[in-house]
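This report concerns only the one structure given below.
The values are calculated or read from the model by the stated rules, or taken from the named source; none is laboratory data. Source: prediction; values computed, not measured. Cβ coordinates were reconstructed from backbone atoms using ideal geometry, including for glycine residues, and neighbour counts include every protein chain displayed.
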Amino acid sequence: MDKLGTPVAYLALPVGVPVYDRDGTRIGTVEHVLADEGSDIFHGLVVRVVDAPDRSMFAARDQIGDLFEHGVTLTVTEAGLHDPGEDRVAAAATDGSVGEQAKEGLRRAWEWLQRPG
């Protein structure tokens, strides 16, 4: 793992920094920080997957270990991240597989990924 620099708040996390899983393997880059800044609620991150650059995953707040100026560490592996696809968001809303915080983050991730342009 590269030197990650000093810890930062989610508001200062740069887009494009590497994301490392709990084992220190680089799994992607930060594509978007999902937050409700008005309420100061951090939902998580949309992570662009290294092995599949057209694929993004959602890391819920409770899956994120630390935020640094040059990278993010997770508490899970890539397999533990959430797929923000429409079917997964609908399933999570009904099957109880994720908590309320993650559901809101998944919903926001899906909306962000579907934005025009």
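Regarding Glu37, is this residue of a type outside the set (A, V, I, L, M, F, W, C) and modelled with pLDDT under 90? In short, yes. Only one of the numbered conditions (1) in contact with a Pro (Cβ under 9 Å, 6 or more places away or on another chain); (2) over 12 Å from Ile64 (Cβ atoms) is violated by Val30, and that is (2). Selection over the stretch 2-23 of residues that are in contact (Cβ under 8 Å) with a residue 24 or more places away in the chain and on the phi > 0 side of the Ramachandran plot gives a count of 1. The set of residues from the stretch 1-52 being surrounded by fewer than 15 Cβ atoms within 10 Å (Cβ to Cβ) and of a type in the set (S, T, N, Q) comprises Thr6, Thr25, Ser39.
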